[in-house]
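Trainee: Pasting in a structure now, in structure tokens, and then I'll have a few things to ask.
The values are calculated or read from the model by the stated rules, or taken from the named source; none is laboratory data. Here the structure is a predicted model, which means the values were calculated and not measured. Please note: Cβ atoms are built from the backbone with ideal geometry, for glycine as well, and neighbour counts cover all protein chains shown.
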Amino acid sequence: MSSPQVITPVEKLAEAKKQLSFPRIVAICGSTRFMPEMAEADLRETKAGRIVVKPGCDLKSPHELWSDPVEAEALKVRLDELHRSKILLADEVLVVGDYIGDSTRAEIAYARSLGRPVRFTHPEVDPDA
């Protein structure tokens with residue numbers, strides 16, 4: 001008698017999206033210096049019929065929600081966690097911009113560890129190319 005196959009939460013999520021006939025979900029990644037380019041990528045991906053998730057906060061731009069440095073650092077940790085969840089939810093990742101910093105490099109590695117395809121607006125910056 002064989003043991004029952006264990007289905008991972010990631011596999012359950014993929015199956016649920018398939019059963020619901022979800023459009024492909026794209027997680028946009030990149031330095032927040034490219035927020036305008038991310039907005040443009042969002043438009044293009046949405047027009048192509050994809051669901052888009054992307055960074056929602058630019059901590060480098062002044063805002064009252066992260067004006068306190070201590071709170072801003074704690075918020076950055078939470079936002080990094082949230083973005084990893086967006087990558088987990090996504091079917092693929094689109095990296096925007098011609099610069100890859102440490103955070104984006106970590107996001108690319110995480111996406112690839114999940115088996116997510118990764119596209120680049122500037123393929124020459126692919127750390128694994």
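Trainee: Is it the case that region 91-105 has a residue that's surrounded by fewer than 17 Cβ atoms within 10 Å (Cβ to Cβ) and under 22 Å from Pro9 (Cβ atoms)?
Mentor: Within region 91-105, one or more residues are surrounded by fewer than 17 Cβ atoms within 10 Å (Cβ to Cβ) and under 22 Å from Pro9 (Cβ atoms).
Trainee: Looking at Lys60, is it of a type in the set (Lys, Arg) and at pLDDT 95 or above?
Mentor: Taking the combined requirement at face value, the residue does not satisfy it.
Trainee: Which members of region 80-102 meet the condition of being under 11 Å from the mean Cα position of the chain (by Cα) and closer than 13 Å to Thr32 by Cα?
Mentor: At the first step, the residues of region 80-102 found to be under 11 Å from the mean Cα position of the chain (by Cα) are 80-96.
The answer is Asp80, His83, Val95, Val96.
Trainee: Right, next: Sort out which residues of region 7-53 are farther than 25 Å from Asp126 by Cβ, in contact (Cβ under 8 Å) with a residue 24 or more places away in the chain and of a type in the set (Lys, Arg), and write them in order of number.
Mentor: If the condition is that a residue be farther than 25 Å from Asp126 by Cβ, in contact (Cβ under 8 Å) with a residue 24 or more places away in the chain and of a type in the set (Lys, Arg), then Lys17 is the only one that fits.
Trainee: While we're here: Given the conditions (1) in contact with a strand residue (DSSP E or B) (Cβ under 8 Å, 6 or more places away or on another chain); (2) part of a loop (DSSP other than H, G, I, E, B), and given that Ile100 satisfies all but one, which numbered condition is not satisfied?
Mentor: Answer for Ile100: the failing condition is (1).
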